[in-house]
1. Among all residue pairs at least 6 apart or on different chains, which show Cβ distances below 6 Å where the first residue, located in the stretch 337-355, is without any contact (Cβ under 8 Å) to a residue 12 or more places away in the chain and open to solvent by 50 Å² or more (accessible area, probe 1.4 Å) and the second is of a type in the set (S, T, N, Q) and part of a helix (DSSP H, G or I)?
2. Quick test for you: out of HIS232, HIS228, pick the one residue that is within 12 Å of the ligand (Cβ to nearest atom), in contact with a Gly (Cβ under 8 Å, 6 or more places away or on another chain), modelled with pLDDT of 95 or more and in a helix (DSSP H, G or I).
3. Test of understanding: among SER211, SER183, SER202, SER146, which residue is buried (at least 23 other Cβ atoms within 10 Å of the Cβ) and among the hydroxyl-bearing types (Ser, Thr, Tyr)?
4. Within the stretch 155-170, identify whether any single residue is touching an Asp or Glu at 6+ places or on another chain (Cβ under 8 Å), away from the ligand (no atom under 14 Å from the Cβ) and free of Cβ contacts under 8 Å to residues at least 24 places away in the same chain, and answer yes or no.
5. Since GLU252 meets every condition but one in (1) touching a residue at least 12 places away in the same chain (Cβ under 8 Å); (2) open to solvent by 70 Å² or more (accessible area, probe 1.4 Å); (3) among the charged types (D, E, K, R), which condition does it not meet?
6. Scan the stretch 279-286 and tell me whether some residue there is touching a residue at least 40 places away in the same chain (Cβ under 8 Å), closer than 18 Å to HIS228 by Cα and buried (at least 17 other Cβ atoms within 10 Å of the Cβ).
7. Within the stretch 235-249, track down each residue that is surrounded by fewer than 22 Cβ atoms within 10 Å (Cβ to Cβ) and within 13 Å of the ligand (Cβ to nearest atom).
8. Identify, please: which residue in the stretch 250-278 is in a loop (DSSP other than H, G, I, E, B) and closer than 22 Å to VAL358 by Cβ and is, among those, farthest from the ligand (Cβ to nearest atom)?
Amino acid sequence: MRLWLIFWLLLGHLAIPYNPSPTQTTVEISDVSVVYAFGEQAIFQAKIHSNIPIQQSFLFLLPEGQTTRVVNITLDNQGQSNLPYDIKSNPIRPFARVVYWYRVITADGSVLESQKYSFDYIDNRFTWQNLDDSNFQINWYERDLSFGQQALNQAEAGLLSAQKYLPVTPTSPIRIYIYTNSSALQSALQLGLQSWVAGEASPDLRVILISIPSGPDQNLEMERQIPHEITHVLQYQMAGTAYQQLPTWLVEGTASIAELYPDPDYQVVLNNAITSGTLLPIETLCTSFPRDASGAYLAYAESTSFVRMIHEKYGSSGIQALMKKYEDGFGCNEGVTAALGSSLQQLQVQWQQEILGVDSQSVAWQNMLPYLVILVLLLAVALVSILHLAHKSKTIRPKYEVRQ
Ligand SMILES: [Zn+2]
């Protein structure tokens with residue numbers, strides 16, 4: 001059966017009549033809207049009318065970066081649907097664009113699907129102000145316009161800094177949301193069931209969330225966090241889904257050297273680790289960083305220093321070559337050898353000697369120490385066995401003497 005369909009669309013605005021014919025099945029969808037309380041509940045509203053009875057209707061939802069969900073909806077006798085959707089038990093990533101559409105099955109078995117609608121799932125617990133240019137949209141609250149302009153300036157400077165290592169231009173504006181404190185930011189992430197730490201980039205969504213408390217350090221914090229998170233967005237833009245295959249030391253090290261105000265405590269942490277012989281081997285930082293705060297801090301400090309050395313020796317083309325190899329599926333060690341012609345181990349020794357000033361012999365000793373301990377233990381066991389045998393042979397010798 002040929003079907004003709006009329007959708008009266010979008011938030012009460014005018015619809016597009018689609019070859020209407022009085023003799024055929026028609027479905028009208030109008031007054032489509034959604035309201036939500038961030039992290040709590042959304043209510044999807046629509047009016048659905050058909051010239052023959054509706055058997056079933058559904059709402060489809062596709063939040064950006066997540067999978068499609070489908071919900072059965074009921075209509076009252078006016079054809080109105082007010083669907084409450086529990087975001088707590090069906091979390092949506094903060095600031096994701098959510099695409100949704102309706103499907104109606106009429107009594108004659110015809111299936112009709114509406115056009116796609118969308119909304120941005122903004123943290124609407126706050127009233128955001130914004131400023132934008134071609135590369136960025138800056139969003140903030142509880143601060144004045146000059147704060148927003150300052151952040152936009154830092155974002156442009158941060159982009160230039162990040163582009164020294166990754167020469168790519170954002171394909172569409174990067175949205176930056178600036179919270180006033182970390183607890184507000186953390187609660188936003190928890191409401192989205194995300195387990196990020198500190199400054200947060202959601203690079204696949206081209207969204208950056210940071211917290212900048214007011215105070216004398218606010219500019220320095222912006223100079224540190226904004227370029228760092230922009231770098232992650234550019235890394236994703238270059239690598240796509242292969243972003244997940246990049247070693248953590250490379251992802252975080254590159255983002256950290258792009259910071260306009262590098263963390264001054266990194267050198268202190270490195271010096272302490274050198275003195276105490278507790279430097280983490282770089283190959284232990286391939287898939288993740290330690291979970292404990294001090295281990296993670298040392299991992300950031302080492303990755304920053306290590307990637308800076310790679311940039312100094314091989315330039316930004318070296319960093320891009322590394323990314324390319326990892327995108328191609330090379331392992332953490334193999335990627336370094338393929339891209340730079342030196343093994344990760346060789347680079348690490350170079351880094352420790354030339355950058356950290358660690359005595360190579362002491363490094364070698366430290367690396368060999370566990371093996372030496374095992375060797376000494378084995379020798380001790382062997383010695384005890386020999387002595388034991390020697391003792392035994394002494395005690396039986398008289399028998400032979402008697403025979404003679
Ligand atoms: Zn990072």
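The values are calculated or read from the model by the stated rules, or taken from the named source; none is laboratory data. Keep in mind that this is a model prediction, so the values were computed, not measured. Counting neighbours? That spans all protein chains shown, and the Cβs are built from the backbone with ideal geometry, glycine included. The protein model used for the area step is the full one, side chains on, heavy atoms only, and it has no ligands, DNA or RNA in it. Shrake-Rupley method; radii C 1.70, N 1.55, O 1.52, S 1.80 Å.
1. That search, which allows pairs on different chains as well, returns GLN353/SER360.
2. HIS228
3. The unique qualifying residue is SER202.
4. Scanning the stretch 155-170 turns up at least one residue that is touching an Asp or Glu at 6+ places or on another chain (Cβ under 8 Å), away from the ligand (no atom under 14 Å from the Cβ) and free of Cβ contacts under 8 Å to residues at least 24 places away in the same chain.
5. With respect to (1) touching a residue at least 12 places away in the same chain (Cβ under 8 Å); (2) open to solvent by 70 Å² or more (accessible area, probe 1.4 Å); (3) among the charged types (D, E, K, R), GLU252 is out only on (2).
6. No, the stretch 279-286 contains no residue that is touching a residue at least 40 places away in the same chain (Cβ under 8 Å), closer than 18 Å to HIS228 by Cα and buried (at least 17 other Cβ atoms within 10 Å of the Cβ).
7. The answer is TYR236, TYR243, THR248.
8. Only one residue tops the list, namely GLY277.
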